[in-house]
1. Round to a whole angstrom and tell me the spacing of the C-alpha centers of the stretch 347-362 and the stretch 131-171.
2. List the lysines whose Cα sits under 17 Å from the Cα of Lys182, skipping any in the same chain fewer than 8 residues away.
3. Would you look at the GNM of the chain, springs on alpha carbons closer than 10 Å, and say which of Ala315, Ala223, Ala190 moves the most?
4. Quick one: length gained pulling Lys336 to Val165 fully straight, 0.36 nm per residue minus the C-alpha distance?
5. Between beta-carbons, use under 9 Å as the cut-off and find the net charge around Pro59, counting Lys and Arg +1, Asp and Glu -1.
6. Which whole-Hz ³J(HN,Hα) couplings does the stretch 364-370 yield from phi under the Karplus relation 6.51 cos²θ - 1.76 cosθ + 1.60, θ = phi - 60°, glycine and proline marked x?
7. Express the relative contact order of the chain as a whole percentage, based on alpha carbon pairs under 8 Å and six or more residues apart in sequence.
8. Report the residue, chosen from Gly77, Gly386, Gly118, that carries the largest GNM mean-square fluctuation when the chain is represented by alpha-carbon nodes joined by springs under 10 Å.
Amino acid sequence: MTDHYDVRETRSPAEREAELFSRLPGVLRKAMVAPAHAERLRDVDPADITSRTALARLPVLRKSDLPALHKAAPPFGGLVSGLPSSFGRLFTSPGPIFEPEPLHADPWRGARALFAAGFRRGDVVLNTFSYHLTPGGFIFDASARALGCAVIPAGPGNTDAQFEVIEAYRPVGYSGTPDFLKILLDTADAAGRALSSIRRALVSGAAFPKSLQDAIKSRGIDAYQAFGTADLGLIAFETEAREGMVVNEDLIFEIVRPGTGDPVAEGDVGEIVVTSLDPDHPWIRLALGDLTAAMPGGSPCGRTNLRIKGWMGRADQTTKVKGMFVRPEQIAEIGKRHPQLGRLRLVVTREGETDAMTLWAECAAPGEALRSETAATLRATTKLQGAVELVAPGSLPNDGKVISDERKPS
C-alpha cells in the first residue's frame with residue numbers, strides 16, 4: 001500500500017499547523033457556549049489562541065475529573081452546548097462518563113485508520129467491539145461505513161454465531177481487540193471452522209505484544225494497531241511503515257509533563273493532551289492520563305503528521321506515602337520552584353517498617369545548598385520528609401515516570 005486517504009495526510013507540517021490554528025479560535029468560541037468550558041476559559045480571548053505557545057497557557061481538563069463533572073451537571077458535565085436530542089446516539093462509559101455521537105459523517109475520525117490498515121470501499125468488516133451502551137462498537141462501525149465498507153455488527157462473544165456469519169458473508173476485515181481475534185482463531189481451529197476470508201485487522205483496546213502479533217500474522221492476517229478513546233474516537237494509528245503511530249487529522253496533539261500542562265522537551269515521554277476541532281463536540285486540552293513520546297521526522301509511508309511511539313503507560317502515578325497522597329502535580333511544583341533542576345523522579349521505598357521517599361533530580365550544577373533547599377520544598381509541598389539526590393543531566397530514565405512506587409506488595 002502506498003496511497004493515502006486524501007491529500008491532507010501528505011501536506012506539509014507547516015500547512016497543517018496553520019490550518020489547525022486558524023480554526024481553533026472558532027472552535028473555542030463554540031466550546032465556551034457550554035457552561036463548564038466558559039468557566040474554565042473565562043479569562044481567555046479566543047482570538048489570541050492561534051499558536052501552540054498560546055494554547056499551552058490554557059488549563060488542561062483531566063479525563064479523571066469527568067465523572068464528577070458529569071455527576072454534578074448531567075448529562076455532559078456542562079461541556080457540551082447541544083441538547084441530547086441534537087446528537088445521533090448517546091453512550092456511557094465507566095465512571096460514568098456520558099458521550100454523545102455527532103450527526104456528521106465519520107464522527108469518530110476512524111476511516112483514515114481503517115484505510116491505513118488496508119481496508120477499502122466494498123470490503124465486508126466483522127466488527128467485534130461492544131455495541132451495548134459504550135461507544136466502541138459504533139466508533140468502528142461508523143468509521144468503516146464512512147469508508148464504504150459493509151459491517152457485520154458482531155460484538156464480542158458468541159463464537160458459534162460469529163462463525164456462521166463469517167462463513168456466510170466472508171468478511172475480509174476484522175475490527176476488535178487483538179485478544180478476541182486470537183480467541184476466534186483458536187476456537188475456529190478446535191471446531192474445524194474456516195476463518196480464512198479474514199486477511200486484515202485493525203485492533204485496539206488491549207495490549208498487542210509481539211508474541212500476539214506474530215501469532216496473528218502466522219495465520220495470514222495483517223493486523224494494525226490504533227489508539228483512541230471513547231471521548232475522542234481514533235487519535236493515532238499504525239501505517240504500513242510500522243514505525244510508531246501517525247496522529248489523526250483535525251486534532252491538536254500535545255505531550256506534557258505529567259501533573260502539568262507544560263509541553264515536554266522534544267522526544268521526552270509525557271502525558272497525551274488532545275484538542276479536537278469538532279464544532280459539535282469540541283474538547284479543549286483534554287488530558288487523557290496516557291503516556292507517549294513523539295518520534296522525530298516523517299513517516300516512510302508519506303504521511304506528514306506527528307508520529308508517536310504508541311501507548312507507554314499511565315500518567316496518573318498518584319501514590320500514598322505514610323497515609324498521605326503524593327501526586328505528580330506536587331513534584332512538578334518542586335521543579336517550578338527550582339528551575340535549575342531538570343527531570344525529577346520521586347522514588348518510594350520501605351526502610352524497615354516505614355515508608356521512605358527520595359527525590360532524584362537532574363542538575364547541571366549540584367551543590368549542598370540547592371540539595372537542602374530542594375529537600376525543604378519537598379517537605380513543604382508534600383508535608384512529608386524525604387531525601388534528595390542530585391544527579392547529572394540524562395541520568396534518569398526518559399519514561400514519563402514522575403513517581404516510582406518501588407515498595408514490594410505485602
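1. 50 Å
2. Lys210, Lys217
3. Of Ala315, Ala223, Ala190, the Gaussian network model singles out Ala190 as fluctuating most.
4. 55.7 nm
5. Within the 9 Å Cβ shell, the charges total +3.
6. For the stretch 364-370, the Karplus-derived couplings read 6, 9, x, x, 5, 5, 5 Hz, x marking Gly and Pro.
7. With pairs under 8 Å counted, the relative contact order is 13 percent.
8. Gly386
Since every read-out is calculated from the coordinates, none of them should be taken as a lab result. Here the structure is a predicted model, which means the values were calculated and not measured. Please note: Cβ atoms are built from the backbone with ideal geometry, for glycine as well, and neighbour counts cover all protein chains shown.
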